[in-house]
Each structure stands twice: as C-alpha cells, then as structure tokens.
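Read the structure below first, then the notes.
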Amino acid sequence: MSAWDISENASLNHTVLQVREHGRGIWILTMAAPPSTHNTLSPLLMGALARAVDRISSLGVPKARVIILEAAGKSFSAGIDINIIRDEPNLELKMIRAIDPTYAIQESKVPVIACVRGAAYTGGFELALSCDIRLASEDAVFRDNHAMYGVHPTRGISQILPRDCGSSNAKLASLASFPIPASLALQWNLVSQVVKSPEDLLPAALIIAEAIVYNSAPLVTSLKNTIDEGGSLPYGEARKFELKREAQYYEGMDSEGLADSLTEGAIRFNQRVAELGGGDVKLP
C-alpha cells in the first residue's frame, strides 16, 4: 500500500492518535506515535489528525467549542517522515486538503490550542503555527529545516512566520534553520505562554479553553474568522472587512436579541469577576 493510500484511509481510532472529549465542547487530540518516532508526521498520523479535526469541527456548537492538540512522548513532532518523501517524491503533490492536518486546522471554525513540548521541527513547526493559540514548555524547540533538506515549504510557514515574528526573524529561522528555544519563541511572539514542564501544558491549555467556552459561541466563531481573514489584508482593507463581518454577525438579530446578548454578557462578566477576583488568570 502506498503512503498516499495509508494517509487517505487513516482511521480515527488508530493508536497514533488519541481523541477524547473533555466536556463542555472541549476536545483533546493526543499525537501518540511510537516514542522512537518523536511523533514524526507519517501519512497515517497526518490522515488521522486531519480527519479528527474535520469531524470535530463538523459537530458545531455546543458539541465542539475548542480543540487542544498535544503530544505524548518527548516531542510535539519531529516533522514529516523524510523517508516517505524520498521514496515517494510525488507524495507532497498529492497531500490534498482532506489528508493534511495543517489545512484542516487552518480552516477549522473551532479554535485550536497547541501544546508544544520537545521538538517541533519543520512539519511539526508548521503544524504548531497552524493553531490559533500556542503554548510551549521550557524544553520546546522550534526549527524549520526546509532549507537544510532542500525541500520547498507548501503549508504556509513562509507566510505565517514573518507575520508572527517579523521578516528578519523569519529569515533567520528558515534560511539558517536556526533553532528557536521556548524562551526565544516567546520573545518572537511565536507562543503565547511558556510553562515550566510538559506536564503543565494541558492544565494551562484547559484554563484557556474553559475561558473560550465561557464566552459567546457565535461571537467567538465570528471573531476567529475576522482575525484569520483580516490578518492577510492591508490595514485599510482589514478595517472594512471587520465592518463587513460586523454587519453579517448582526443580520437577523433584532433589538431584543441584541439586548438579550448584552444581558447574558453582563451576567458572564460579573460571574467571571467573582470567580477570578478581578479577572486575573494565572497559568501553571
């Protein structure tokens, strides 16, 4: 069976990927390939992950509100299996949207939080960058090895990276295959938070996920899309796009519906202040 067939026929229940529902619409996906592989993105793992993200995203609100992507073992992902690319060079051309998790995550209506431990190399780096919010443990290292192997990127890293960390840093990372430890990734705005150990990642992600679930589901969905789509536009066009999305959001909502939304929001705010003592959220 070819690598293409393996990826296309990947099972959601295969041992390389664990899928579990945490509750309240929060789903946890755990990449769990054999430890010696450092979660290398084999066709099987890629296909299973893409299908899992698509399936969860299709559930809609309230069954699907947040996806947390984590990894078992020492590494988030060491990247795409080089042996597969060498043995089947046309595989990259065949990696259509349906079996590529980076596209599944980028296009998901559900926010995705990445918990990065250990190595996040090349394809693993791209996978992390595709997520909406990224957390890292102190042992995490990001590295883009496309230039080292002479393989051209196709999953957006050349465009996402400079938007997140600036052109100079992106070129340092990609042209020199420069390793980016967690502390530097935080300085470069590649991650939102660095926690001490890999064991702290999931608790930190759950705090954020619960906060997202706490908020208005329709607004979270609309705002995620507005940020994603507007981020690729010049500022003036992006502002117009925001106004367009605002109009679309309020279509069909009468004054009574808006009043109800505001009332519910006030209740949520007061409850949150009472729970957190002023809204101070501390991650592990």
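The values are calculated or read from the model by the stated rules, or taken from the named source; none is laboratory data. Quantities reported herein were computed from a predicted structural model and do not represent experimental measurements. As a convention, Cβ positions derive from the backbone with ideal geometry for all residues, glycine included, and neighbour counts pool all protein chains shown. Protein only, heavy atoms only, side chains kept; ligands, DNA and RNA dropped before computing areas. Shrake-Rupley method; radii C 1.70, N 1.55, O 1.52, S 1.80 Å.
Couple of notes before you dig in:
- Members of the stretch 42-84 found to be β-branched (Val, Ile, Thr), closer than 15 Å to SER130 by Cβ and open to solvent by 10 Å² or more (accessible area, probe 1.4 Å), listed by number: ILE80
- Selection status of VAL141, under 14 Å from the mean Cα position of the chain (by Cα) and at pLDDT 90 or above: no
- Yes/no for LEU262 being at pLDDT below 95 and under 25 Å from ILE105 (Cβ atoms): no
- From the list GLU237, GLU229, the one residue that fits, being closer than 18 Å to CYS131 by Cα and open to solvent by 30 Å² or more (accessible area, probe 1.4 Å), is GLU229.
- Considering the stretch 28-41, the residues that are under 19 Å from the mean Cα position of the chain (by Cα) and open to solvent by 30 Å² or more (accessible area, probe 1.4 Å) include one that is farthest from ILE105 (Cα to Cα), namely HIS38.
- Search result, residues across the stretch 131-161 that are closer than 18 Å to GLN193 by Cβ and open to solvent by 10 Å² or more (accessible area, probe 1.4 Å): ASP132, ILE133, ARG134, GLU138, ASP139, VAL141
- Residues in the stretch 163-183 that are open to solvent by 40 Å² or more (accessible area, probe 1.4 Å) and free of Cβ contacts under 8 Å to residues at least 60 places away in the same chain: 12 in all.
- Condition check for VAL220: outside any helix (DSSP H, G or I) and surrounded by 16 or more Cβ atoms within 10 Å (Cβ to Cβ): no
- Helices (runs of 4 or more DSSP H) contained in the stretch 125-207 and holding at least 1 residues in contact with a Lys or Arg (Cβ under 9 Å, 6 or more places away or on another chain) and of a type outside the set (Lys, Arg): 157-165, 167-175, 182-187
- Residue in the stretch 136-147 that is in contact with a helix residue (DSSP H, G or I) (Cβ under 6 Å, 6 or more places away or on another chain) and at positive phi present: no
- Scanning the stretch 17-69 for residues that are without any contact (Cβ under 8 Å) to a residue 40 or more places away in the chain, more than 23 Å from ASP200 (Cβ to Cβ) and outside any helix (DSSP H, G or I) yields a count of 3.
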